[in-house]
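Visitor: Take a look at the following structure, please.
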Amino acid sequence: MTTSELQKLLESFHPLEHKVLLSFDREGALSASDILTRSGLDESRLDMASGWLQSKGLLDVKDESVTSLVSLTEAGKEYLQKGTPEMRIINALKEGKQFTVKDIIQSWGMDPSEVSSAVGALKEDNAVRIVQGGVLEDTIGLVLVLPSYESIGKLLRAVSEGEPADLASFPADQRAAIQANFHKRGKSKGIFRITEKKNRSYTLTDDGKELLRLIKERGVVTEEASALTPEMLKQGTWKNKKFRAYNIALNPPRQSIGRKHPYKEFLDFVKYKFIGMGFEEMRGPLVESEFWDMDALFMPQFHPARNIHDVYFVKNPIAAKEIEEPFGKRVAAAHKDGGKTGSTGWRYAFDLDRAKRLILRSQGTAVSARTLASGPKIPGKYFSIARCFRYDAVDATHAPDFYQVEGIVLGAYINFKTLLGLLKLFGQEIAKAGEFQFRPAYFPFTEPSVELHVKHPELGWMELGGAGIFRPEVTKPLGVDVPVIAWGLGLDRMAMVALGIQDIRDLFSRDLDFVRTKKIQLNK
Amino acid sequence: MPTIDIKKHDLDGLIGKKLSLSALEKHLMLAKAELKEYIEETDDLKVELSDSNRPDLWSAEGIARQIRIALSGKPEVYDFFKHGRKATREIRVSKAMKSVRPYIAACTASGIRMNDDVLTQMIQSQDKLAEIFGRKRTTVSIGIYELDRIMFPVDYRLAEPSSLSFIPLGMEEKLTLAEILERHPKGIAYGGIVKPFPQYPVLIDSMGHVLSFPPIINSREIGEVKPQTRNVLIEVTGTDLRMTMLTLNILAVSFYDRGAELEPVKVTYPYSTEFGKVVAFPVNTAGKFKVPLATFSAGLGENVALTDVKKRLESYGHIVSAARGQVAVTVAPYRDDIMHPMDLVEDYAISRGYDSFEPVMPQQSTVGSLSRLELLSDTIRGHLVGSGFQEIMSNILCSREELEDSLQPGEQLVEVDNVMSLAYSVLRHRVIPSLLNVEAVSSKAFYPHRIFEAGEVAVFDQSAIMGSRTDLNLAALISHPGANFSEMHSSLDVLLYYLGLEYKLEPSGHALFIPGRCGKIIAADAELGFIGEVRPELLERRQIAMPCAAFEITLNGALRLLIKN
């Protein structure tokens, strides 16, 4: 590596790497334990840092040796405290006690297999024998073997003091004893545990040595800081610090933030557009009477025009207590023979009970009807974003409930041409459309009626909405004598494109991850 | 609204001119129709009609007529409505029909040049009129018969369901009326219309041969129109006289357009009708209107000439005379949708073409604004988003199961009567259950969860005119291993502080919350809502394995307090 490459490497050096590198003299190898002592690191950090240094070609493993370390097992610790089973038996015999194997098991609290193996060993060494009645008795041979039993006790002490002790540091006979008691009794009952430990020694590569030289040459910075702390600022110690460069290519951790719902963000955009165009917001109830949802809109009670959509009926109560007058009477007259609207009417007997039937609001126009009846401003412009319900099987294109964006414009100078002008304005403002097509359409409550088709920048030609001038049969009974534009926009498709979804039900998704991550592309 | 199939060559033949597809698409606007599809190999057009009030357009003949008149600029005159001769054929209505299916209208068409196209259109037209205009045959149904097999007079009367029998169309054997309702596909489909009555309607000729069992099925013997049929009886029965007559007129005009000779049939009623007791059908029910030119100018937003109005209305099918600043319009006999002068203003605009009108931007100046409730909601939404809450939007129509365990004693829900699916059978009465729905499916979304929704709910209220009221509620919910009352309380506290609402919490019990860890939110003696740690039973039922705390307040209530302050 060139010096500049090494310099660059040094920029992003981790403090741990510094510490490891600085524990080397220029020559010679260092064992891991030496590095631990010199650097003050613990083993896991040394492993980490030496790994990094090796991958950067700065450090080599020179030598790998294995050390066997001895420690006491649980049984070993117990024997250290109470004595080995053999010594406990020998000591008891020396004290002149009389007992059987059964007595040992029952009253000394020792494991039967432990007792039988201890008694077995002593018998084999001719240190004890069993006389009549199963009673144990010491023999002359005991004196000969006693030192070897006592030495186990000493060994236990020795190991426990040096724990974990290097097996190689014990004299040959003790090593043999340790190994015998490690092997002979098996892992569970063994009194010594031998674990193997790899010990490495490291040398610096030529690049490593050069880098060390560079570090020493630079000399000034003895400590690299990972973060600026309030203390550093208070005490001015930051002046002597070098701040390690970060790897900024890493992914940041995820954050949970507060956020508007993406569909609501879309609807807010629409809402602010309407305020900008001078529209006042209107609201209405979710549960409507057929009167406000349909009759007031001159949809005849027993005519196919009413079948345009099917509705959800309310179970309890099934009917509104009353229809607000004089609207009930006037609307009934408009249906029957036109009343005072200049119309022939639908020529049937209007059923007031049917009008009272409660339903879930099926169209946003119900809100417009209520506004007309409430003494609206003239001239006036109103809009609503109203939740509506249709009796349709729910699937990817039919939601159980959905928003309709609807409204009215009232004024003495409202006519067909201003209707087209308003729709053009909507197309420009809301769909950013440059091209328009107006097509004849049918709505039971408007005449003339028109459909607005626009060329959306992404969707191509699409139907943006329907509109018309409210029939006099609608406005007059509700007390409005000027022409009124009624309009409705179909924005769900635009919303779905802005959200990048195919299933309309996803507009009201319950999946928090989905809601958190969906972005909205607003064609502002 | 109906979508109909037409062979393009048939349509061209009826129009009298071969139209390019693009010209056809443009002309279809005259009929408020849209070309959905054209398959060149089979010459099939699929056309969607949008005007439910113009059933005359739901056939090849009807669409062709509207275009043909526009091309010629002249309305077509249907002379057969002026009966030169007295009707020789008679249908006698029995008294009992009045309470079952009171009206019948009929005429004959002869010299029909029958072919596959004619037959197809005849069947389709019959079907669309009865299904959509006739509301699945309830208000109007149609029968067409081989005229030469009928011996007049024909009786329209009631018969015993189990005694009268005939071979219905599509079957090989004689069935009684009752058996038809049980076994014939049409009987199964439409039987509901007659079942409430002890006796069923039939048409029987003087020889005792059954023509049909209206509105269910024709007899195979008389009521089957074949490719070789030349002369037919057209009959319409219904519950509304005007709709019955209009349906007959539409069919009659279509046969006439195809070159048939039309003759009237006299119907004798034992009860009076709007048109008398003895009526020779078809009857021209067309309305006559006198409309000042000013109505057109004002409605359209530009000054139009009287001659122009006359010309445009004529080329839309009306018979028009113009004099002294007004037009006198006689509506075509196949239309019954002109109720107000504004309908004629629209006809003028369609006839002239919507694209010939220059859009005028509305100039009136008005002040845009949000309702105070929406403003409050937006303020709160902004606040909660700033406090790290994710906004949620939920369906309002949901299942009872989702709401049941959050109902307080005595609390009721607004329920749907005609339930289609239990999943969508009640309106939510509060928002927290919607937030729990989110938690139920979002255990994989990394924690903490801090969510809220400001949304509408329907509150059952026996005293309200509508039996319920719509409220705007705000609910917030937190969920993570340490989610608790105190953290939720902090969020509520800081929210109400910035809204300027002083409040206190009153210990209380709630179906949603762990007893002893729930409070009513009281502001100026009004109950705004409640707060607490969600009961583990509720969480377990929804398989939510994370503690949740939540609060919900009424924004209508909050607004009332803010206005008072």
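The values are calculated or read from the model by the stated rules, or taken from the named source; none is laboratory data. Every value quoted in this text rests on a predicted model; they were computed, and no experiment measured them. All Cβ positions, glycine included, derive from the backbone under ideal geometry; neighbour counts span all protein chains shown. Side chains included, ligands, DNA and RNA excluded: accessible areas come from the protein's heavy atoms. Shrake-Rupley method; radii C 1.70, N 1.55, O 1.52, S 1.80 Å.
Visitor: Within straight cross-link reach of A:K329, meaning Cα distance under 19 Å, which aspartates and glutamates are found once same-chain residues fewer than 8 apart are removed?
Guide: A:E288, A:E290, A:D293, A:D295, A:D337, A:D351, A:D353, A:E473, A:D481
Visitor: Now, a different point. Calculate the spin-label point distance for A:V66 paired with A:V497, positioning each point 7 Å from the Cα along the beta-carbon direction, and give it in nanometres.
Guide: Taking the simple label geometry, A:V497 and A:V66 are separated by 7.1 nm.
Visitor: Under a point spin-label approximation (7 Å from Cα along Cα-to-Cβ), what is the A:E322-B:E527 distance to one decimal in nm?
Guide: 2.9 nm
Visitor: Using modelled amide H (1.01 Å from N, peptide plane; none on Pro or chain starts), what sits under 5 Å from the amide H of A:R193, excluding residues fewer than 5 places away?
Guide: Close amide H contacts, sequence-distant or interchain: A:S71, A:L72, A:T73.
Visitor: Could you give the accessible area per residue of the protein assembly as shown, probe 1.4 Å, as a whole number in Å²?
Guide: 44 Å²
Visitor: Still on this structure, I have one more. Once fully extended, how much extra length lies between B:L375 and B:Q462, figured as 0.36 nm per residue of separation less the alpha-carbon to alpha-carbon distance?
Guide: So the extension gain works out to 28.4 nm.
Visitor: Over chain A, what is the percentage of antiparallel beta bridges among all DSSP beta bridges, to the nearest 5?
Guide: Close to 95 percent.
Visitor: Calculated from DSSP H runs of 4 or more alone, at -39500 (n - 2.57) each and per residue, what is the 222 nm mean residue ellipticity of chain A, nearest 500?
Guide: Dividing the helical sum by the residues of chain A leaves -11500 deg cm²/dmol.
Visitor: Okay, moving on. What list of ³J(HN,Hα) couplings, whole Hz, do you get for the range B:214-226 from phi and the Karplus terms 6.51, -1.76, 1.60, once you set θ to phi - 60° and write x for glycine and proline?
Guide: So the Karplus estimates, Gly and Pro as x, are x, x, 9, 7, 7, 7, 6, 5, 9, x, 10, 8, 10 Hz.
Visitor: With heavy atoms of protein chains only and a 1.4 Å probe, what residues of the range A:495-524 have at least 50 Å² less accessible area in the full set of chains than alone?
Guide: A:F508, A:R510, A:L512, A:R516
Visitor: Same structure, new question: Amide H of A:V450: which non-local residues (sequence gap of 5 or more, or other chain) have their own amide H closer than 5 Å, using H built in the peptide plane?
Guide: A:A441, A:A467, A:G468
Visitor: On to the next question. Using a 10 Å cut-off around each Cβ of peptide A:447-453, what is the average number of partner chain Cβ atoms that fall inside?
Guide: Mean shielding count: 6.
Visitor: OK, next. Using a 1.4 Å probe on the protein heavy atoms, what percent of the accessible area of the protein assembly as shown belongs to carbon and sulfur?
Guide: On the way: 24140 of 47630 Å².
Of all accessible area on the protein assembly as shown, carbon and sulfur atoms account for 51 percent.
Visitor: Please find the FRET efficiency linking A:R354 to B:H9, where r is the Cβ-Cβ separation and R0 is fixed at 35 Å, and quote it to the nearest 0.05.
Guide: With a Förster radius of 35 Å, E is 0.15.
Visitor: Let me ask something additional. Where both partners of a DSSP beta bridge lie in the protein assembly as shown, what percent of those bridges are antiparallel, to the nearest 5? Please list the in-between numbers first.
Guide: Numbers: 156 of 171 bridges.
Antiparallel bridges: around 90 percent, rounded to the nearest 5.
Visitor: I've got another one for you. Between the range A:71-102 and the range B:49-97, what is the separation of their alpha carbon centroids in Å?
Guide: 121 Å
Visitor: What dipole magnitude, in Debye to the nearest 20, does the protein assembly as shown give about its Cα centre under +1 on Lys/Arg Cβ and -1 on Asp/Glu Cβ?
Guide: Working: 135 positive and 141 negative charges, 403 e Å.
Once rounded to the nearest 20, the dipole reads 1940 debye.
Visitor: Let me ask you something else. How well do other chains shield peptide B:392-401, expressed as the mean number of their Cβ atoms within 10 Å of each residue Cβ?
Guide: Across B:392-401, the average partner-chain Cβ count within 10 Å equals 5.
Visitor: Could I ask something else about it? With θ taken as phi - 60° and the coefficients 6.51, -1.76 and 1.60, list the Karplus ³J(HN,Hα) couplings across the range A:486-501 in order, rounded to whole Hz; mark glycine and proline as x.
Guide: So the Karplus estimates, Gly and Pro as x, are 10, 9, x, 10, x, 9, 4, 5, 4, 5, 5, 5, 4, 8, x, 10 Hz.
Visitor: Let me ask you something else. Considering only DSSP states other than H, G, I, E and B, which trypsin sites (Lys or Arg not before Pro) in the range B:306-383 qualify as loop sites with at most 14 other Cβ atoms within 10 Å?
Guide: B:R324
Visitor: From the phi angles alone, apply the Karplus equation (6.51, -1.76, 1.60; θ = phi - 60°) to the range A:136-145 and give each ³J(HN,Hα) in whole Hz, x where the residue is Gly or Pro.
Guide: Taking θ as phi minus 60°, the curve returns 7, 9, 7, 10, 5, x, 4, 4, 5, 9 Hz for the range A:136-145.
Visitor: While we're looking at this one, here's another question. Classify the range B:3-72 as rounded, prolate or oblate, taking a ≥ b ≥ c as the square roots of the eigenvalues of its Cα gyration tensor: rounded when a/c is under 1.5, otherwise prolate if a/b is larger than b/c and oblate if not.
Guide: oblate
Visitor: What does the charge count near B:R54 come to, summing +1 for each Lys or Arg and -1 for each Asp or Glu among other residues with Cβ under 10 Å from its Cβ?
Guide: With Lys, Arg at +1 and Asp, Glu at -1, the neighbours total -2.
Visitor: Could I ask something else about it? Which entries in the list A:K424/B:K26; A:K336/A:K377; A:K340/B:K311; B:K186/B:K266; A:K19/B:K444; A:K62/A:K216 go over 32 Å, if you measure between the two C-alpha atoms of each?
Guide: Values: A:K424/B:K26 20 Å; A:K336/A:K377 29 Å; A:K340/B:K311 30 Å; B:K186/B:K266 29 Å; A:K19/B:K444 42 Å; A:K62/A:K216 24 Å.
Going by Cα-Cα distance, A:K19/B:K444 fall outside the 32 Å limit.
Visitor: For chain A, what relative contact order do you get, as a whole percent, if you take Cα pairs closer than 8 Å and at least 6 residues apart?
Guide: Once divided by the residue count of chain A, the mean separation gives 13 percent.
Visitor: Find, among the GluC sites (Glu not before Pro) in the range B:147-225, those assigned to loop by DSSP (not H, G, I, E, B) with at most 11 other beta-carbon atoms within 10 angstrom.
Guide: Hits after loop and neighbour filter: B:E172, B:E173.
Visitor: What average count of beta carbons from other chains do you get within 10 Å of the Cβ of residues in A:314-320?
Guide: 6
Visitor: Leaving out same-chain residues fewer than 8 places away, which lysines sit with a Cα under 21 Å from that of A:K264?
Guide: Within the straight-line cut-off, A:K264 pairs with A:K273, A:K432, A:K518, A:K519, A:K524.
Visitor: If you don't mind, there's one more thing I want to ask. Express in whole angstrom the spacing between the alpha-carbon centres of the range A:106-157 and the range A:391-413.
Guide: With the range A:106-157 and the range A:391-413 each reduced to a Cα centre, they are spaced 97 Å.
Visitor: Can I ask one more? Which shape class applies to the range B:263-408: rounded if a/c is under 1.5, otherwise prolate when a/b exceeds b/c and oblate if not, where a ≥ b ≥ c are the square roots of the Cα gyration tensor eigenvalues?
Guide: Judged from the Cα gyration tensor, the range B:263-408 comes out oblate (a/c at least 1.5, b/c at or above a/b).
Visitor: I want to check the label-to-label distance for A:E231 and A:L250. Put each point 7 Å from Cα in the C-beta direction and report it in nm to one decimal.
Guide: In this crude label model, A:E231 to A:L250 measures out at 2.3 nm.
Visitor: Remind me, relative contact order of chain B in percent, using alpha carbon pairs under 8 angstrom and six or more residues apart?
Guide: 11 percent
Visitor: For A:I130 and A:E43, what is the calculated FRET efficiency with R₀ set at 60 Å and r taken between the beta-carbons, to the nearest 0.05?
Guide: Step by step, r from the Cβ atoms, then E = 0.70.
Visitor: Between A:E217 and A:D513, what's the calculated FRET efficiency when r is the beta-carbon distance and R0 is 56 Å? Round to 0.05.
Guide: Step by step, r from the Cβ atoms, then E = 0.55.
Visitor: Just add up the charged neighbours of B:P161: K/R +1, D/E -1, any other residue whose Cβ is under 11 Å from the Cβ of B:P161.
Guide: -2
Visitor: Under the rule of -39500 (n - 2.57) per DSSP H run of 4 or more residues, summed and divided by the residues of chain B, what mean residue ellipticity at 222 nm is obtained, to the nearest 500 deg cm²/dmol?
Guide: Numbers: 16 runs with 162 residues, N = 565.
When only DSSP H runs of four or more count, the value is -8500 deg cm²/dmol.
Visitor: Chains B and A: how much accessible area gets covered up at their contact, both sides added, probe 1.4 Å, in Å² to the nearest hundred?
Guide: About 8800 Å² of accessible surface is lost on pairing.
Visitor: For the range B:421-526, state which GluC sites (Glu not before Pro) are in a DSSP loop and have at most 14 other beta carbons lying within 10 Å of their beta carbon.
Guide: Values: sites: B:E439, B:E453, B:E456, B:E487, B:E502; in loops: B:E502.
Here the GluC sites (Glu not before Pro) that fit, given the DSSP loop and packing criteria, are B:E502.
Visitor: Assign one of three labels to the range B:372-564, namely rounded, prolate or oblate, based on the Cα gyration tensor with a ≥ b ≥ c the square roots of its eigenvalues; rounded applies when a/c is under 1.5, prolate when it is not and a/b is larger than b/c, and oblate otherwise.
Guide: It is rounded, given that a/c, with a ≥ b ≥ c, falls under 1.5.
Visitor: Continuing with the same structure: Run through the DSSP bridge list for chain B and note the antiparallel percent, rounded to the nearest 5.
Guide: On the way: 93 of 102 bridges.
If we restrict to bridges inside chain B, about 90 percent are antiparallel.
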